[in-house]
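S.K.: One structure, as structure tokens, below. Some questions next.
Please treat every number below as a calculation from the coordinates, not as lab data. If you're wondering where the values come from, they're calculated on a predicted model, not measured in any experiment. Here the Cβ positions follow ideal geometry from the backbone for every residue, glycine too, while neighbour counts run over all protein chains shown.
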């Protein structure tokens with residue numbers, strides 16, 4: 001990823017460098033856009049894909065499937081994720097609150113868990129932390 005430049009991307013896309021800068025802002029912005037597209041597809045699988053990741057499986061089975069899929073998602077995109085960071089905008093792509101809400105709903109459906117909020121936050125941090 002370090003060898004990817006704005007000049008190279010603009011040339012390959014048949015665009016001017018200024019056009020690429022206006023659309024993405026920075027080199028990191030290009031990688032951020034790639035990740036955001038993948039994130040939208042991932043969320044679609046969670047919301048309406050086949051079980052066990054999507055609806056139709058038991059809550060614990062879905063939670064395990066979600067954890068595995070999320071870890072795979074992040075590991076598969078680790079280099080792109082690193083390239084998407086910019087010193088002026090260091091936050092990760094995606095919205096951890098989406099994971100947090102999904103995990104909380106599944107935990108609540110699975111059982112009465114003491115300290116549900118704390119468990120939810122810890123699981124979310126574990127699944128979103130690799131970025």
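S.K.: For the chain, what is the mean residue ellipticity at 222 nm derived from helices alone (per DSSP H run of n ≥ 4: -39500 (n - 2.57); sum divided by total residues; nearest 500 deg cm²/dmol)?
M.R.: -21500 deg cm²/dmol
S.K.: For segment 1-67, what class follows from the C-alpha gyration tensor (a ≥ b ≥ c being the square roots of its eigenvalues): rounded when a/c is under 1.5, otherwise prolate if a/b is larger than b/c, else oblate?
M.R.: prolate
S.K.: Between helix 59-76 and the chain, what is the angle of the helix's C-alpha long axis to the longest principal axis, kept within 0 to 90° and rounded to the nearest 10?
M.R.: With rounding to tens, the tilt is 20 degrees.
S.K.: Still on this structure, I have one more. So how do 45-54, 64-73 stack up, highest first, on mean other-Cβ count within 10 Å?
M.R.: Taking the mean over residues of other Cβ atoms within 10 Å, the ranking is 64-73, 45-54.
S.K.: Ok, one more. Relative to the first principal axis of the alpha-carbon coordinates of the chain, what is the inclination of helix 116-128, with its axis defined by its Cα atoms, in degrees from 0 to 90 and to the nearest 10?
M.R.: It is inclined by approximately 30 degrees.
S.K.: Quick one, which of (1) 16.3; (2) 15.5; (3) 14.8 is the actual Kirkwood radius over Cα pairs in Å calculated for this model?
M.R.: (1)
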